[in-house]
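Reviewing the structure listed below.
The values are calculated or read from the model by the stated rules, or taken from the named source; none is laboratory data. Note that the structure is a prediction, hence the values are computed from the model and not measured. Here Cβ is always computed from backbone atoms with ideal geometry, including for glycine, and neighbour counts include all displayed protein chains.
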Amino acid sequence: MNFHKAQFKAAYGTSAQLPRPSFPEVSFAGRSNVGKSSLLNKLFARKSLAKVSSTPGKTATINFYDVGKAYLVDLPGYGYAKVSKSERERWSELIEGYFNQERPFALVVALIDIRHEPSELDQAMVSFLQERGLPFAVALTKADKLSKQQALRQAALAKKALDLPADTPLAITSAEKGTGIDDLRRLIANAISAG
Ligand SMILES: Nc1nc2c(ncn2[C@@H]2O[C@H](COP(=O)(O)OP(=O)(O)OP(=O)(O)O)[C@@H](O)[C@H]2O)c(=O)[nH]1
Ligand SMILES: [Mg+2]
């Protein structure tokens with residue numbers, strides 16, 4: 001695999017459209033606006049391969065990026081209240097439909113904004129991943145918004161609030177500054193080679 005050679009493969013609007021499972025998949029889950037697409041761009045060292053927006057709900061499809069014998073998967077964000085009910089239902093169909101399929105899930109990166117205590121939806125996401133026995137890591141995003149000391153404090157709080165098993169990898173990241181990006185690349189590469 002090679003992050004720098006990432007190519008957009010396709011966007012899927014329903015789970016029935018998803019491609020047949022092939023290479024290991026590393027997917028990015030988290031509430032709308034948490035910074036999934038921004039983090040993917042930083043991992044790829046590309047400005048705008050994944051579309052970023054300050055308006056929540058930008059990524060409304062499941063987007064696959066080919067990194068060579070593996071896929072990075074940008075999932076639509078959850079928890080954005082201002083979209084219509086039918087749109088919300090389509091999103092949950094997509095996300096649940098994705099995880100209900102038998103796919104080579106190498107790692108799920110659960111993104112949480114470092115400034116805020118994990119929401120109920122964040123907690124539900126992490127519980128879901130644990131119940132399913134899916135390999136996952138937590139990435140705290142937007143660390144540039146806090147001092148290093150504040151960031152460490154928030155990381156400890158998040159671990160506690162999410163009741164994370166001691167061996168769950170946790171990365172403090174910033175797509176703005178590049179903080180934690182190499183750590184995350186390493187985590188992802190290891191998960192792909194293990195899976
Ligand atoms: N300061 C700062 N802002 C960030 C960072 N990452 C993302 N943002 C901003 O947060 C907003 C949302 O970023 P996206 O990457 O589009 O978030 P997303 O999780 O993909 O959102 P959806 O596609 O709506 O689910 C944008 O305005 C980004 O510029 C970061 O590390 N630091
Ligand atoms: Mg997005």
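Inside segment 33-48, can you point out the residues that are within 15 Å of ligand 2 (Cβ to nearest atom) and loosely packed, with under 14 Cβ neighbours inside 10 Å?
Step one: filter segment 33-48 for residues within 15 Å of ligand 2 (Cβ to nearest atom), giving 33-44, 46-48.
Matches in segment 33-48: Lys47, Ser48.
Please verify whether segment 14-28 includes one or more residues that are of a type outside the set (Ser, Thr, Tyr), surrounded by 16 or more Cβ atoms within 10 Å (Cβ to Cβ), on the phi > 0 side of the Ramachandran plot and within 16 Å of the chain's Cα centre (by Cα).
Checked against the condition, which is being of a type outside the set (Ser, Thr, Tyr), surrounded by 16 or more Cβ atoms within 10 Å (Cβ to Cβ), on the phi > 0 side of the Ramachandran plot and within 16 Å of the chain's Cα centre (by Cα), segment 14-28 yields no hits at all.
Select from segment 79-89 the residues that are in contact (Cβ under 8 Å) with a residue 24 or more places away in the chain and at negative phi and list them in ascending order.
The answer is Tyr80, Lys82, Val83, Glu87.
What about Pro76, is it within 11 Å of ligand 1 (Cβ to nearest atom), of a type outside the set (D, E, K, R), in contact (Cβ under 8 Å) with a residue 40 or more places away in the chain and surrounded by 14 or more Cβ atoms within 10 Å (Cβ to Cβ)? First the steps, then the outcome.
Details: within 11 Å of ligand 1 (Cβ to nearest atom): yes; of a type outside the set (D, E, K, R): yes; in contact (Cβ under 8 Å) with a residue 40 or more places away in the chain: yes; surrounded by 14 or more Cβ atoms within 10 Å (Cβ to Cβ): yes.
Criteria met by Pro76.
Which of the residues that make up segment 18-48 are more than 9 Å from ligand 1 (Cβ to nearest atom), of a type in the set (Ser, Thr, Tyr) and closer than 17 Å to Ile95 by Cβ? Even if it seems obvious, please write down each step before you answer.
Keep residues of segment 18-48 that are more than 9 Å from ligand 1 (Cβ to nearest atom), which gives 18-27, 29, 43-48.
From what's left, of a type in the set (Ser, Thr, Tyr): 22, 27, 48.
Selection gives Ser27 alone.
Mind checking which residues of segment 21-75 are part of a strand (DSSP E or B) and of a type in the set (A, V, I, L, M, F, W, C)?
Here is the first cut: in segment 21-75, the residues part of a strand (DSSP E or B) are 25-31, 62-66, 71-74.
The answer is Val26, Phe28, Ala29, Ile62, Phe64, Leu72, Val73.
Could you pull out the residue among Asp122, Asp113 that is at pLDDT below 95, under 16 Å from the mean Cα position of the chain (by Cα) and among the charged types (D, E, K, R)? Spell out the reasoning first.
Numbers: Asp113 fails: at pLDDT below 95.
Checking each option against the conditions leaves just Asp122.
Looking at Ala29, Ala60, Ala10, can you tell me which residue is touching a residue at least 40 places away in the same chain (Cβ under 8 Å), more than 13 Å from ligand 2 (Cβ to nearest atom) and hydrophobic (A, V, I, L, M, F, W, C)?
Details: Ala29 fails: more than 13 Å from ligand 2 (Cβ to nearest atom); Ala60 fails: more than 13 Å from ligand 2 (Cβ to nearest atom).
Criteria check complete, one pass: Ala10.
Would you call Ser127 within 16 Å of Gly79 (Cβ to Cβ) and out of contact with any Gly (no Cβ under 8 Å at 6 or more places or on another chain)? Please lay out each step first, then the result.
On the way: within 16 Å of Gly79 (Cβ to Cβ): yes; out of contact with any Gly (no Cβ under 8 Å at 6 or more places or on another chain): yes.
Yes.
Any residue at all in segment 49-68 that is within 10 Å of ligand 1 (Cβ to nearest atom), over 18 Å from Thr173 (Cβ atoms), of a type outside the set (Val, Ile, Thr) and surrounded by 20 or more Cβ atoms within 10 Å (Cβ to Cβ)?
Within segment 49-68 (the criterion being within 10 Å of ligand 1 (Cβ to nearest atom), over 18 Å from Thr173 (Cβ atoms), of a type outside the set (Val, Ile, Thr) and surrounded by 20 or more Cβ atoms within 10 Å (Cβ to Cβ)), the answer is yes, since at least one residue qualifies.
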